Amino acid sequence: MASMALVLLVLLVFAALYMVLQWALGKWLHLESRRKFPTFYNETHWKWHKIMCWVSLGILMSSFIWVMILQGGDESLWFVLLFAIFAGITIPELYRAYMEWKYSEQRKEYIRVLLSVAYLLSFMMILYVTDFFWIS
(Lines give C-alpha, C1' and ligand atoms only; values in the text may rest on other atoms or scores of the structure.)
Protein backbone atom coordinates (compact mmCIF):
# COMPACT_ATOMS: atom_id res chain seq x y z
CA MET A 1 0.00 0.00 0.00
CA ALA A 2 2.84 2.38 0.81
CA SER A 3 4.50 1.69 -2.54
CA MET A 4 1.26 2.52 -4.38
CA ALA A 5 1.05 5.79 -2.46
CA LEU A 6 4.64 6.54 -3.48
CA VAL A 7 3.85 5.89 -7.15
CA LEU A 8 0.79 8.13 -6.94
CA LEU A 9 2.78 10.87 -5.21
CA VAL A 10 5.54 10.78 -7.84
CA LEU A 11 3.00 10.94 -10.67
CA LEU A 12 1.20 13.86 -9.03
CA VAL A 13 4.47 15.74 -8.58
CA PHE A 14 5.33 15.05 -12.22
CA ALA A 15 1.95 16.39 -13.35
CA ALA A 16 2.28 19.49 -11.16
CA LEU A 17 5.78 20.21 -12.46
CA TYR A 18 4.52 19.73 -16.02
CA MET A 19 1.76 22.30 -15.45
CA VAL A 20 4.24 24.75 -13.94
CA LEU A 21 6.58 24.17 -16.90
CA GLN A 22 3.78 24.92 -19.37
CA TRP A 23 2.79 28.06 -17.51
CA ALA A 24 6.40 29.29 -17.17
CA LEU A 25 7.16 28.66 -20.84
CA GLY A 26 4.02 30.54 -21.81
CA LYS A 27 5.11 33.54 -19.74
CA TRP A 28 8.73 33.38 -20.85
CA LEU A 29 7.93 33.04 -24.56
CA HIS A 30 4.92 35.42 -24.39
CA LEU A 31 2.48 32.77 -25.59
CA GLU A 32 -1.24 32.47 -25.08
CA SER A 33 -2.54 29.65 -22.94
CA ARG A 34 -2.21 26.28 -24.60
CA ARG A 35 -5.23 24.92 -26.41
CA LYS A 36 -6.90 21.84 -24.95
CA PHE A 37 -7.22 20.17 -28.33
CA PRO A 38 -4.74 20.26 -31.21
CA THR A 39 -5.25 22.77 -33.98
CA PHE A 40 -4.80 21.56 -37.53
CA TYR A 41 -3.58 24.27 -39.87
CA ASN A 42 -4.54 22.65 -43.16
CA GLU A 43 -5.72 19.38 -44.68
CA THR A 44 -2.14 18.12 -45.11
CA HIS A 45 -1.48 18.65 -41.42
CA TRP A 46 -4.59 16.63 -40.48
CA LYS A 47 -3.68 13.83 -42.89
CA TRP A 48 -0.07 13.55 -41.68
CA HIS A 49 -1.19 13.75 -38.05
CA LYS A 50 -3.35 10.66 -38.59
CA ILE A 51 -0.48 8.87 -40.34
CA MET A 52 1.94 9.69 -37.49
CA CYS A 53 -0.53 8.43 -34.90
CA TRP A 54 -1.03 5.16 -36.79
CA VAL A 55 2.74 4.72 -37.19
CA SER A 56 3.22 5.29 -33.46
CA LEU A 57 0.45 2.85 -32.64
CA GLY A 58 2.00 0.31 -34.99
CA ILE A 59 5.40 0.67 -33.33
CA LEU A 60 3.87 0.25 -29.88
CA MET A 61 1.71 -2.74 -30.81
CA SER A 62 4.38 -4.58 -32.79
CA SER A 63 6.98 -4.16 -30.04
CA PHE A 64 4.48 -5.28 -27.40
CA ILE A 65 3.57 -8.35 -29.44
CA TRP A 66 7.23 -9.14 -30.09
CA VAL A 67 8.29 -8.83 -26.44
CA MET A 68 5.28 -10.29 -24.66
CA ILE A 69 4.02 -12.97 -26.99
CA LEU A 70 6.88 -14.07 -29.22
CA GLN A 71 9.65 -13.73 -26.63
CA GLY A 72 7.58 -14.77 -23.60
CA GLY A 73 7.89 -11.47 -21.73
CA ASP A 74 11.61 -11.90 -20.99
CA GLU A 75 12.67 -9.18 -18.56
CA SER A 76 15.82 -8.41 -20.54
CA LEU A 77 13.69 -7.19 -23.45
CA TRP A 78 11.91 -4.40 -21.59
CA PHE A 79 14.23 -1.89 -23.30
CA VAL A 80 12.40 -2.69 -26.54
CA LEU A 81 9.13 -1.53 -25.00
CA LEU A 82 10.87 1.52 -23.54
CA PHE A 83 12.21 2.39 -26.99
CA ALA A 84 8.77 1.88 -28.50
CA ILE A 85 7.21 4.21 -25.95
CA PHE A 86 9.90 6.80 -26.66
CA ALA A 87 9.24 6.48 -30.40
CA GLY A 88 5.48 6.53 -29.87
CA ILE A 89 5.72 9.82 -28.02
CA THR A 90 8.53 11.43 -29.96
CA ILE A 91 7.39 10.88 -33.56
CA PRO A 92 4.00 12.64 -33.37
CA GLU A 93 5.29 15.40 -31.08
CA LEU A 94 8.25 16.21 -33.33
CA TYR A 95 5.86 16.44 -36.24
CA ARG A 96 3.58 18.67 -34.18
CA ALA A 97 6.55 20.92 -33.30
CA TYR A 98 7.42 21.17 -36.99
CA MET A 99 3.87 22.16 -37.89
CA GLU A 100 3.77 24.69 -35.05
CA TRP A 101 7.03 26.19 -36.28
CA LYS A 102 5.89 26.34 -39.88
CA TYR A 103 2.24 27.41 -39.62
CA SER A 104 1.38 28.71 -36.15
CA GLU A 105 0.55 32.35 -35.56
CA GLN A 106 2.55 32.09 -32.33
CA ARG A 107 5.97 31.46 -33.84
CA LYS A 108 7.56 30.25 -30.60
CA GLU A 109 4.96 27.60 -29.77
CA TYR A 110 7.22 24.87 -31.14
CA ILE A 111 9.72 25.56 -28.33
CA ARG A 112 7.04 24.71 -25.78
CA VAL A 113 6.26 21.46 -27.60
CA LEU A 114 9.92 20.42 -27.82
CA LEU A 115 10.63 21.20 -24.16
CA SER A 116 7.50 19.33 -23.09
CA VAL A 117 8.64 16.26 -25.03
CA ALA A 118 12.12 16.53 -23.53
CA TYR A 119 10.63 16.77 -20.02
CA LEU A 120 8.40 13.75 -20.56
CA LEU A 121 11.15 11.61 -22.07
CA SER A 122 13.64 12.52 -19.35
CA PHE A 123 11.05 11.67 -16.69
CA MET A 124 10.42 8.30 -18.32
CA MET A 125 14.16 7.63 -18.56
CA ILE A 126 14.63 8.47 -14.90
CA LEU A 127 11.83 6.08 -13.96
CA TYR A 128 13.42 3.32 -16.03
CA VAL A 129 17.00 3.87 -14.84
CA THR A 130 15.99 4.00 -11.18
CA ASP A 131 13.85 0.87 -11.59
CA PHE A 132 10.89 2.80 -10.24
CA PHE A 133 8.20 0.47 -11.58
CA TRP A 134 10.30 -2.65 -10.99
CA ILE A 135 10.52 -3.53 -14.70
CA SER A 136 14.19 -3.36 -15.66
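A 1.4 Å probe over all protein chains sorts M61, M124, M99, M4 by accessible area into M4, M61, M124, M99, starting with the largest. Split the accessible area of the chain by element, probe 1.4 Å, and carbon with sulfur accounts for 73%. Legend: residues H45, H30, sorted from most to least accessible area (1.4 Å probe; ligands, DNA and RNA excluded), read H30, H45. Lysine pairs in the chain 8 or more apart or on different chains: how many have alpha carbons under 23 angstrom apart? Total qualifying Lys-Lys pairs in the chain comes to 9. Among the listed values (1) 17.3, 50; (2) 22.3, 78; (3) 16.4, 56, the one matching Rg and Dmax of the Cα atoms in Å as calculated from this structure is (1). Let me check against my output: what whole-number percent is the relative contact order of the chain, with C-alpha pairs under 8 Å and at least 6 apart? Reported relative contact order: 24 percent. Residues in the chain average 69 Å² of solvent-accessible surface per residue, probe 1.4 Å, ligands and nucleic acids excluded. Using a Gaussian network model of the chain in which every pair of alpha carbons under 10 angstrom is joined by a spring, one finds that among Y41, Y119, Y98 the greatest mean-square fluctuation is at Y41. The Cα center of the range 82-120 and the Cα center of the range 19-33 differ in position by 15 Å.
The heavy atoms of I126 offer some 100 square angstrom of accessible surface to a 1.4 angstrom probe.
The values are calculated or read from the model by the stated rules, or taken from the named source; none is laboratory data. Just so we're clear, the structure is a prediction, and the values are computed from it rather than from any experiment. In case anyone asks, the SASA skips ligands and DNA or RNA and just uses the protein heavy atoms, side chains included. Shrake-Rupley method; radii C 1.70, N 1.55, O 1.52, S 1.80 Å.
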